[in-house]
Amino acid sequence: MSERFDVVVVGAGVSGASLAWHLKKRGVGRVLLVERDRPASGGTGKSAAIVRQHYSTPLMARLARAALDTFQKKAKACGFEQVGYLFLVPPGQVETAKNNMTMQRGVGVETEWLDPAALATRAGAWLNMDGVGGATFEPKAGYADPVRTTEAMVAAFKETGGEVRERTAVRGLLRSGDRVTGLSTDAGDIAAGTVVNAAGPWAPMLAASAGIEIEMRVLREQDTVWEARPGRPVPAHSISNAVDATYLRPLGANRYIVGRGFPKDYVDCDPYNYKLTSDDWFVAEVQKRLTHRFPTMEGAKLVDSYAALYDVTVDWYPYVGPRAGLSGYTDFSGGSGHGFKIAPAIAAELAEWIADGKVKPDFARLSYDRIARKETFAGSYGGNRG
Ligand SMILES: Cc1cc2nc3c(=O)[nH]c(=O)nc-3n(C[C@H](O)[C@H](O)[C@H](O)COP(=O)(O)OP(=O)(O)OC[C@H]3O[C@@H](n4cnc5c(N)ncnc54)[C@H](O)[C@@H]3O)c2cc1C
């Protein structure tokens, strides 16, 4: 093989791009980021990119908290809008949410509980309070532009001496015994000290080329974009709505990305061949739930709708880090429909793990090895609510 890099990262979604940048920041010598299309052309480019910190484990809460720092520091480059984040909680989950907030505050998350009266004061002009037990509110959270965020990471990576190859598909990983030694592209083979598999929903196929297993469901996720009628009070925040299983976030003035959240029916699909457009029944279902909870959205115009992919792991937590008994290979996939906002923080800790061999014990648990060890995670809400 004529070429050799210290680390090759496959996939320039938000995960691969963030990691590549952090590796260079840590002083890793030759780092290559390989993308078969262009940055953010996978799930990242279609992400709702809601940035929130409400999670039910200290690991995820502290990662979301740390990533928020990146979004705040790089706000302009990432298109980060600090509009605040509201989590609408049904009565049956109020105690769980409050307990999680106590844990979150312990890792530095700024969050407040809004009982129905306080919520009505904040949101009563556009929110139907029926069946809402209360809400958590994070004033520092909001949403980002997923494409600009990824492009910003790629730019920072290049500025620190990293090399990017777009429109370069990795055809397979090269393996010798217990070691991954590099990869094969249309333009030839490349040797690598470490290969990072950040190929999102396509990660299992890439891993399989070297006999490495990744247990993952690839699910079709639809989203819609609505424009509210002018002159009405409209939702002011990014919102997860556990009462009606929806989510919503502003998309500039008067427009909103709206999708269905957990629980719902999930549809497995082939990541190389799935329907990119939305289903009529889905749009109608979203509209019904949207106007029920946010009555001032009645008469809103549908401006866009589409489908993309979730890469869902066995426990909805990503696979991150090396594996026992296999050198030269590292996972960074399985965002499970909530991986955008945590990617910058995962990238920072994974870069330290790869570059210096240092890893925090809770972070080390993200390794794929957790499945064999029967140490998978359990979030208190289920699905990608974490
Ligand atoms: C509709 C939708 C809404 C979402 N909403 C949110 C949200 O509100 N908040 C949140 O935090 N998360 C959200 N997510 C999840 C989040 O967007 C993803 O977890 C995250 O963007 C995944 O990034 P990634 O880099 O891991 O994967 P991807 O973005 O899928 O990137 C993988 C990249 O690898 C490339 N690739 C694959 N195979 C190869 C190969 N063989 N050779 C070279 N390149 C290859 C692909 O082209 C792609 O660019 C949402 C996801 C979707 C789909």
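Quick note: the coordinates plus some simple rules give every number you see, no bench work behind them. Here the structure is a predicted model, which means the values were calculated and not measured. Here the Cβ positions follow ideal geometry from the backbone for every residue, glycine too, while neighbour counts run over all protein chains shown.
Using DSSP H assignments, which helices in the chain have an axial alpha-carbon span of 15 Å or above and a mean Kyte-Doolittle hydropathy of 1.0 or higher? Result, helices passing both filters: zero.
Across the chain, Cα pairs under 8 Å and at least six residues apart give a relative contact order of 23 percent. For the residue pairs LYS25/LYS76; LYS140/LYS264; LYS46/LYS140, alpha carbon separations beyond 25 Å are given by LYS140/LYS264. Taking a Cβ cut-off of under 12 Å around ALA345, the surrounding Lys, Arg, Asp and Glu residues balance to a net charge of +1, with basic ones at +1 and acidic ones at -1. Highest mobility in the GNM of the chain, judged by mean-square fluctuation with C-alpha springs under 10 Å and restricted to ALA141, ALA355, ALA253, is found for ALA253.
Which order do the peptides 369-376, 23-30 take when ranked by the mean count of other beta-carbon atoms within 10 Å per residue, highest first?
Taking the mean over residues of other Cβ atoms within 10 Å, the ranking is 23-30, 369-376.
Looking only at GLY334, GLY92, GLY42, which one moves most when the chain is put into a Gaussian network model with springs between Cα atoms under 10 Å? Result: GLY92 has the largest fluctuation of those listed.
Classification of segment 83-132 by its C-alpha gyration tensor yields an oblate form. The axis ratio a/c (a ≥ b ≥ c) is 1.5 or more, and b/c is at least a/b. A straight line joining the Cα centroids of segment 275-293 and segment 36-94 runs 23 Å.
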